[in-house]
Amino acid sequence: MNRPGPDPRRRLSLTRDDRVGARPPVTGRPVEERPGRDRRAPRTPGTHLTSYKGTASQRRRALRLTRTVALLAVLLFACGWFAWSRVSAKPAAPAPPRPDASGARILSGTFLGDGRHSSYGGGPAPASLKLIWKLKIGQGFTRRKSDEKRVLWAGTGWTGQCTLVEQDGHSWLLVGGYDHRLRKIDASSGVVAWSYKFDDVIKGTNTVFVNPRPSGKDDRLVVVAGSRRGSEYAVGDARIAPLRAIAFGSGRELWRFPVPKTDNYSQDVDSSALLIGDALYAPVESGYVYRIDPSRTETWGAYRRPKVLTTSPRLYTSADARAHPDIGGANVAIEASPARLGNRLFIASGSGHLYGLRLPDLKVAWDFKTGSDIDGTTIVARDGKLLQAIEREYIKGPGGVFLLDPAKAPAASPVWYFPTANRGYSEWGGGVVGSVATNESAYPKGTRPRLAAFLSVDGNLYVTAVDTLSRKRALGPDGVTRYPVPAEVFRERVGGSISTPVIVGDTIVAASSEKVVRLYRIEYLPADGSEGVLLKAQDGSSWRVRVRRTGEFTTGGPVESTPLVRGGRVYIGCRDGYLYCLGDR
């Protein structure tokens, strides 16, 4: 992942639990007696069985009736509790964006749109890819991981997706670049409203949210983004603070957050933070997730830093660090973004774990271990299952994509695994570095078969079924366990890629190292036909599904960033130094 070199860093003076998966203490609530009730008060005659004056057979019938009613009550309570617990584990349908007090609407506020990471901007998708405008992002220095030499990187990188806000009749893009700058850009014209300079290249996707306690119109919306550690700072420098909050109105800095040095080789922030309630959940590469109050700050040298409300346990073990050696330390970095499902926050780690952290105390409640490096963000499906990309590093088996059921114990959670070929690209040995796209937002009522799309380091774009299995079983990441394999709908050679495709309506937008952005059309054909792959939808209907390429655009360099689609346009950054707006003219 073009990772930075080693970074020693002092720890923040915050209490941490070093035990991964430590169970939080169980606390009970004292039972309060309601006023006016005395459980020892004598009963009124006739209100209990021992005072009943009927015959012996009548008393037996009454006793049987009482026991039956009591049993039914217990069963009804148990069924109700079970139904509630199952429903509460499913993600709520995302609410449509509502304007805040300033009239702004956040249309896509974080990587892949929302806390489920399954929203891609909004339709319609374009029918063709013509250049509408392009903006020069430029280049900036960073430290090469292998030798700490300063090198120039250009354009935008992984994950590098634009976010989108509508305000005052304008649509505004926000995107970070390798020139160290975060920009606010008029989506219709490509004109820059402001830019804010970080200390290093910005790889990840920013997060935009409504400020819980704004000081005025300028900071009613806040933009939070992260960067690499700072090319001018040695590893462990106390000034390294790559997570920053910026006022949406003017681009001024609101606060910055320092990242501690741990066994991990880096102190960067590639993740996209997630606002839940009034708290911001921010992962950092050194192996922690922080629960931050984004609107309450304290002095930190010449700057302000936000107050930390909760810190997760360190999300790796000493054994993980030994198993993942890297230049300058261990590779146990958290580069994925957090996903919310009910009262849990799911976060994938380079330590080889997918963690389910309990909200809001961030204790480990669920831990699925693969042993591989995991960079892809967890995708939460509408039925509460998880789609997780797996990179091929530190493992004997292939990389690929898991479908997991987090309602089950981790060892029993895999529903299927789709392996990709053990073919590398650049520094990656195989598997999927990006994340998985789904078509659920196009068919929220389940009237078409659910699909998953992903780009692999092996050079292919894959489209698979989510709910239909093939007859195959394949080796998983450990090289020993075999799992069911979903039906494959489509694959096409596109060149090695770490980008994430998106699905808007019946259109897939995908990009790769071959300097091409491509459009694909998903077609749902009658089940009694002969073309396509026969799949079943969640509503019980059957369809034949096929995918065909319908258009492409050639860029000036490889593409690692994730596209955003809105209003017939595709916005995507490239390593050639430009941000492109493509679509129908």
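Where a number appears in this text, it was derived from the coordinates with a stated rule and is not lab data. In this text, all values refer to a predicted model and were calculated from it rather than measured experimentally. Here the Cβ is made from the backbone with ideal geometry for all residues, glycine too, and neighbour counts use every protein chain on show.
Key figures for this structure:
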| quantity | calculated |
| --- | --- |
| Dipole of region 368-493 [Lys/Arg +1, Asp/Glu -1 at C-beta], most positive-end residue of Ser470, Ala407, Val489 | Ser470 |
| Placed amide H near Val533: partners under 5 Å, 5+ positions off or other chain | Val545, Arg546 |
| In sequence order, calculated HN-Hα J values of region 176-186 (Karplus, 6.51, -1.76, 1.60; Hz; x Gly/Pro) | x, x, 6, 8, 6, 10, 9, 10, 10, 10, 5 |
| Span per principal axis, largest first, for the Cα atoms of region 482-585 (Å) | 47, 40, 22 |
| For region 381-452, radius of gyration divided by Kirkwood radius, i.e. Rg to Rh on alpha-carbons | 1.03 |
| Percent breakdown of C-alpha pair distances by 10 Å bin, ordered from the shortest bin, for region 397-522 | 13, 43, 35, 9, 0 |
| Placed amide H near Glu492: partners under 5 Å, 5+ positions off or other chain | Leu461 |
| Distance violations [Cα-Cα > 29 Å] among Lys472/Lys536; Lys130/Lys197; Lys149/Lys363 | Lys130/Lys197; Lys149/Lys363 |
| Protection proxy ranking of 532-543, 214-225 - average other beta-carbon atoms within 10 Å, highest first | 214-225, 532-543 |
| Residues Tyr316, Tyr290 arranged by fewest to most Cβ contacts within 10 Å | Tyr290, Tyr316 |
| Dipole moment magnitude, nearest 20 debye, region 232-376 about Cα centre, only Lys, Arg, Asp, Glu C-beta charged | 580 |
| Ranked packing of 190-198, 573-581, most packed first, by mean Cβ within 10 Å | 573-581, 190-198 |
| Region 558-585 versus region 228-264: alpha-carbon centroid distance in Å | 27 |
| Region 521-563, relative contact order [Cα under 8 Å, separation at least 6], % | 37 |
| Enclosed volume per residue, in Å³, of the convex hull spanned by Cα atoms of region 141-200 | 78 |
| Entries of Lys217/Lys307; Lys369/Lys396; Lys385/Lys445 with Cα pairs more than 19 Å apart | Lys217/Lys307 |
| Segment Thr481-Ala193, length gained on full extension (0.36 nm per residue, minus Cα span) | 98.4 nm |
| ³J(HN,Hα) computed for each position of region 344-356 - Karplus, 6.51 cos²θ - 1.76 cosθ + 1.60, integer Hz, glycine/proline x | 10, 10, 9, 9, 8, 10, x, 6, x, 10, 10, 9, x |
| Under 5 Å, built H, 5+ apart or other chain: amide partners of Val504 | Val509 |
